[in-house]
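Below is one structure, written out as structure tokens; the observations come after it.
The values are calculated or read from the model by the stated rules, or taken from the named source; none is laboratory data. Keep in mind that this is a model prediction, so the values were computed, not measured. Here the Cβ is made from the backbone with ideal geometry for all residues, glycine too, and neighbour counts use every protein chain on show.
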Ligand code: DGJ
């Protein structure tokens with residue numbers, strides 16, 4: 001059956017277990033009718049009558065004759081009696097703000113188009129998806145609005161985006177163009193948002209919606225540490241494995257808004273798109289504007305249902321390149337080991353000790369270029385500091401490779417320090433507004449990558465660096481938000497286009513660089529997790545979750561990040577103890593258990609550890625190599641939430657359900673603690689599993705000592721968790737079906 005059907009004006013998008021329905025009225029208005037669990041046949045009259053008051057409904061070929069304030073609109077506008085938040089807002093040539101969109105035409109086709117210059121979910125063959133393009137027009141201004149919906153086989157994900165075409169003869173100033181808006185006939189939903197701060201990114205908050213608006217957004221030029229471009233609406237009783245969830249994830253890295261409005265009639269309107277604050281875009285006659293994509297989905301299978309579908313689509317049809325399907329190398333990064341104070345001798349010592357422990361990649365972080373001994377200089381001067389590294393990056397990468405370990409490097413290409421050769425040569429290349437101060441954050445300014453000449457310069461210098469040495473991995477950092485936003489190359493009337501143009505420039509640059517180096521693994525980073533978003537994942541298949549590696553804090557962060565992003569996309573490292581940010585002392589095994597739930601690595605001075613600790617690391621590395629496939633390509637299950645319990649647990653199960661890896665961390669411990677049991681989820685109920693606890697036995701695989709328990713037993717009676725022997729203890733299990 002087709003995924004998208006149209007019958008007498010009724011459009012039905014059929015997900016695997018969901019339906020999304022709207023209807024074109026006689027007057028050309030497009031009415032949203034339903035989004036939720038799958039419906040076989042739509043009884044149109046019955047459904048539309050639910051939105052007409054009194055007896056104003058005259059059958060299917062009707063006009064809407066009431067106030068639009070109660071009209072569930074597929075793309076709400078302003079100025080014609082819908083007083084709620086619109087999806088689009090413009091300034092017409094006559095100064096008015098009215099937009100009145102009416103149906104013009106539609107097109108349904110197999111596959112999905114690529115958005116020019118923007119990240120997006122893709123298909124590998126046209127049979128994987130179907131797309132509907134619905135064209136609406138304002139008959140006075142001739143602004144054409146093309147709503148695009150793509151729906152995938154065996155999935156409930158709908159990718160929505162919007163394109164504007166100015167078909168008129170006058171300029172239209174676009175003040176707001178959101179990528180999606182859905183009017184749900186729901187009046188008592190709770191909203192989940194992921195909010196926080198630097199080193200405390202993406203904490204989960206869940207609150208009931210009240211009449212009025214709930215808004216989360218970013219005005220920082222990046223998706224931000226403070227808010228994440230994702231929200232979910234859930235019922236009060238929705239849990240991990242049961243209940244309804246509506247998810248919205250923005251495939252974009254700049255300023256965004258996500259909003260849920262509960263109106264006077266008990267309708268909830270959800271909007272998501274580019275933040276209209278400090279934004280406008282002038283569309284000249286004949287010009288178009290493409291708004292980024294939102295990946296929306298409905299599931300009746302709880303928060304696990306939500307994340308399982310996001311993981312699937314983001315890991316297979318958003319991430320690209322050879323690393324999409326490859327196990328990620330176990331790395332060691334020198335940032336918290338040395339900060340800016342190192343030389344090649346120190347680097348070789350770390351790399352060599354790491355290599356002996358089985359670690360596969362050494363990453364040289366900040367401080368290797370110009371004369372960068374602190375964060376107040378040299379950004380932009382991407383040539384090596386010969387005082388620290390006399391052999392240069394080419395020589396150093398060779399030396400590191402000779403120790404049997406790959407070499408990776410940190411760069412922050414979007415930035416410029418005032419104390420740099422680049423700034424001396426091009427003081428006007430940074431983002432600034434003439435005659436105003438240039439605000440330095442972390443002692444640095446940002447390059448104006450809306451300019452093609454600046455992008456070309458950055459590309460050339462990165463090209464030389466990456467092609468001149470044996471570089472297998474690049475960490476692309478971005479350590480400050482944007483200020484004094486504006487470009488010397490834009491006319492005054494286009495200055496508010498700047499922030500979006502910055503992100504378009506970034507996407508262009510990343511596309512060129514990653515295409516030129518398909519065999520380099522790129523990891524994005526933004527002072528930790530300020531750009532942990534689906535936009536970045538299109539170019540770089542993994543991202544640094546947070547600068548905070550404290551395992552207890554990470555449990556919360558990784559738990560809620562996993563609502564949208566699969567563990568393979570999360571850079572997760574073992575830090576030293578006490579942790580440099582929280583000061584907390586934690587066992588090495590617990591730091592490893594938490595970091596193993598992602599793109600695993602270490603970020604400590606391995607040369608300063610005791611022999612016993614190095615042996616422990618060796619065992620962890622060997623162990624992780626055995627479970628890496630299940631962790632990075634299996635299905636992820638959250639078992640015990642760190643937000644609600646004195647312990648946290650999650651697990652990974654391979655597609656065949658024949659192998660699993662489970663971790664459990666104690667987050668609080670009392671004397672004479674209650675006995676802990678852990679109920680698993682996602683196993684084969686009919687299979688028996690050999691359950692092996694601990695690294696030592698786990699290393700023996702199916703020959704390890706363990707206990708045999710049924711999948712049904714593990715899921716219903718649960719697993720006895722050993723008594724913990726120290727505070728913040730942790731346990732790992734490998735499961736094999738027998
Ligand atoms: C911020 C990153 O998140 C850190 O891991 C490190 O790379 C520093 N920047 C270096 O300046």
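So here's what we get for this one:
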| read-out | value |
| --- | --- |
| The one condition in (1) touching a residue at least 24 places away in the same chain (Cβ under 8 Å); (2) in a strand (DSSP E or B) that residue 140 fails to fulfil | (2) |
| Tally of residues being within 16 Å of the ligand (Cβ to nearest atom) and over 23 Å from residue 643 (Cβ atoms) across region 535-552 | 3 |
| Pick from region 637-646, criterion touching a strand residue (DSSP E or B) at 6+ places or on another chain (Cβ under 8 Å) and surrounded by fewer than 23 Cβ atoms within 10 Å (Cβ to Cβ), ranking: nearest to residue 314 (Cα to Cα) | 637 |
| Qualifying position, being at pLDDT 95 or above and either surrounded by 20 or more Cβ atoms within 10 Å (Cβ to Cβ) or over 28 Å from residue 558 (Cα atoms) (or both), among 678, 683 | 683 |
| Test result for residue 431, buried (at least 17 other Cβ atoms within 10 Å of the Cβ), touching a residue at least 12 places away in the same chain (Cβ under 8 Å), more than 23 Å from residue 509 (Cα to Cα) and touching a strand residue (DSSP E or B) at 6+ places or on another chain (Cβ under 9 Å) | no |
| Sole exception among (1) out of contact with any strand residue (DSSP E or B) (no Cβ under 8 Å at 6 or more places or on another chain); (2) assigned to a loop (DSSP other than H, G, I, E, B) for residue 615, by number | (2) |
| Only listed residue being modelled with pLDDT of 95 or more and assigned to a loop (DSSP other than H, G, I, E, B), chosen from 637, 602, 643 | 643 |
| Any chance residue 373 is within 13 Å of the ligand (Cβ to nearest atom) and surrounded by fewer than 17 Cβ atoms within 10 Å (Cβ to Cβ) | yes |
| Hits in region 1-20 - residues which are within 28 Å of the chain's Cα centre (by Cα), assigned to a loop (DSSP other than H, G, I, E, B) and over 16 Å from residue 112 (Cβ atoms) | 16, 17 |
| Filter pass, residue 572 being closer than 25 Å to residue 309 by Cα, within 16 Å of the ligand (Cβ to nearest atom) and in a strand (DSSP E or B) | yes |
| Among residues of region 332-358, those that are within 20 Å of residue 469 (Cα to Cα) and away from the ligand (no atom under 12 Å from the Cβ), counted | 13 |
| Residue in region 404-411 that is within 15 Å of residue 443 (Cβ to Cβ) and within 12 Å of the ligand (Cβ to nearest atom) present | no |
| Candidate set: region 449-498, residues that are in contact with a strand residue (DSSP E or B) (Cβ under 7 Å, 6 or more places away or on another chain) and farther than 26 Å from residue 527 by Cβ; chosen: the one nearest to the ligand (Cβ to nearest atom) | 470 |
| Strands (runs of 3 or more DSSP E) within region 205-288 that include 1 or more residues touching a helix residue (DSSP H, G or I) at 6+ places or on another chain (Cβ under 8 Å) and under 23 Å from residue 499 (Cα atoms) | 227-234, 245-251, 268-274, 281-283 |
| Answer residue from region 412-441, given it is within 16 Å of the ligand (Cβ to nearest atom) and not in a loop (DSSP other than H, G, I, E, B) and is farthest from the chain's Cα centre (by Cα) among those | 416 |
| Residue satisfying condition, being outside any loop (DSSP other than H, G, I, E, B), within 27 Å of residue 252 (Cα to Cα) and touching a residue at least 12 places away in the same chain (Cβ under 8 Å), within set 178, 115 | 178 |
| Selection from region 447-478 of residues that are surrounded by fewer than 21 Cβ atoms within 10 Å (Cβ to Cβ) and under 22 Å from residue 436 (Cβ atoms) | 451 |
| Flag for residue 359 being closer than 15 Å to residue 448 by Cα and either at pLDDT 95 or above or in contact with a strand residue (DSSP E or B) (Cβ under 7 Å, 6 or more places away or on another chain) (or both) | no |
| Condition met for residue 188 (in contact with a strand residue (DSSP E or B) (Cβ under 8 Å, 6 or more places away or on another chain), modelled with pLDDT of 95 or more and assigned to a loop (DSSP other than H, G, I, E, B)) | yes |
| The listed residue being surrounded by 18 or more Cβ atoms within 10 Å (Cβ to Cβ) and away from the ligand (no atom under 16 Å from the Cβ), out of 364, 379, 389 | 389 |
| Odd one out for residue 555, checked against (1) crowded, with 24+ Cβ neighbours inside 10 Å; (2) within 14 Å of the ligand (Cβ to nearest atom) | (2) |
| The listed residue being touching a strand residue (DSSP E or B) at 6+ places or on another chain (Cβ under 9 Å), surrounded by fewer than 23 Cβ atoms within 10 Å (Cβ to Cβ) and closer than 17 Å to residue 175 by Cα, out of 282, 267 | 282 |
| Some residue of region 522-534 being in contact with a helix residue (DSSP H, G or I) (Cβ under 7 Å, 6 or more places away or on another chain), closer than 19 Å to residue 460 by Cα and within 16 Å of the ligand (Cβ to nearest atom) | yes |
| Filter result for the condition that a residue is at pLDDT below 95 and exposed (fewer than 15 other Cβ atoms within 10 Å of the Cβ), over 117, 95, 59 | 59 |
| Residue 594 vs. criteria modelled with pLDDT of 95 or more and either out of contact with any strand residue (DSSP E or B) (no Cβ under 8 Å at 6 or more places or on another chain) or part of a loop (DSSP other than H, G, I, E, B) (or both) | no |
| Residue selected from region 596-613 under the condition within 24 Å of residue 343 (Cβ to Cβ) and buried (at least 17 other Cβ atoms within 10 Å of the Cβ), by the criterion farthest from the chain's Cα centre (by Cα) | 609 |
